[in-house]
Each structure stands twice: as structure tokens, then as C-alpha cells.
Amino acid sequence: MSLPLRITFEEKDYTYIVLTKGITKETTSVQVNLNGEQYELARNLKGEWEAADATVSDHPGLLKAIGRNIKLRYRL
């Protein structure tokens, strides 16, 4: 398990953990743990990372921001 990462979204701090090991440019999905819930972020046709199975109560904007953060961190 990797170290927790932090992100600030809408003036609130969140901590998440990337569960997927060995992320490369060919990676098409990433598992993250946010507040004890596991989410799968998948790359769409535009190259953006979005939650694959998120509902409205799962904060899709926050999950998209986490996807952007992972994209920048791992240079995808």
C-alpha cells in the first residue's frame, strides 16, 4: 500500500491512497481509496480520468480532481 496523498477541493482537505501498483502511460484504470471507499478511475477517450462507477453522492468533481492529480503526479 502506498502513502496517503492529499488534495484540496472546494477549500476542504481530503486524503486518498492509490491502490494500483506500477502505473505507466499504458495504464487504463486506477484504484483509489477515499475515506474508506474504493473507487476505480478510468481514462476516457479524451485522456481524462473519471470515476467509472460513481454516483452523485460520491462527489464526482472530487474524483475528477483526484484523477487530474494522479495524471500530473505519474506523468500520464
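Details
- Between residue 31 and residue 10, the distance separating the two model label sites (each 7 Å from Cα on the Cα→Cβ line) works out to 2.8 nm.
- Among 45, 19, 62, residue whose mean-square fluctuation peaks in a GNM of the chain (springs only between Cα atoms under 10 Å): 45
- Inverting the pair-averaged 1/r between distinct Cα atoms of segment 1-45 gives 11.6 Å as its Kirkwood hydrodynamic radius.
- Accessible surface of residue 73 - all protein chains present, 1.4 Å probe, nearest 10 Å²: 140 Å²
- Reachable lysines from residue 21, criterion Cα separation under 19 angstrom, eight or more residues apart if same chain: 71
- All-pairs Cα distance distribution in segment 4-74, expressed in whole percent, bin size 5 Å: 3, 16, 33, 28, 15, 5, 0
- Exposed-loop-free span, longest in the chain, where GluC sites (Glu not before Pro) count as exposed if DSSP calls them loop and at most 15 other C-beta atoms lie within 10 Å: 49-76
The values are calculated or read from the model by the stated rules, or taken from the named source; none is laboratory data. Computed from a predicted model, the values in this text were never measured in an experiment. Every residue, glycine as well, gets a Cβ built from its backbone with ideal geometry; the counts of neighbours run over all protein chains shown. Protein only, heavy atoms only, side chains kept; ligands, DNA and RNA dropped before computing areas. Shrake-Rupley method; radii C 1.70, N 1.55, O 1.52, S 1.80 Å.
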